[in-house]
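The values are calculated or read from the model by the stated rules, or taken from the named source; none is laboratory data. Note that the structure is a prediction, hence the values are computed from the model and not measured. When we count neighbours, we look across all protein chains shown, and the Cβ atoms used for this are built from the backbone with ideal geometry, even at glycine.
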Amino acid sequence: MLSIVFGLIALSLGFWGMIKFWWYMVDVLIALLPMLLLFGGAIALMAGIKNTGMRNSFKVKKRATEEPGTAAQKKDE
């Protein structure tokens, strides 16, 4: 019961603050929007790369370039 009362008080103070200081809220939203777009775009890019299988092709190319180096090291030993 006590948490319900504190929750209602917090909600009412939050609504009051949003109405009273509306322009500060707009400034915060304007500042957060580009950051959210950057993070969302990065996550979407990573998810797209994972789903297309490009990540696996990068690993195959990396292994192909590493194999001659490891063979040369074995000869030297």
Quick check on Ala44: is it at pLDDT 95 or above and of a type in the set (A, V, I, L, M)? no
For Ile9, state whether it is surrounded by 10 or more Cβ atoms within 10 Å (Cβ to Cβ), at pLDDT 95 or above and in a helix (DSSP H, G or I). yes
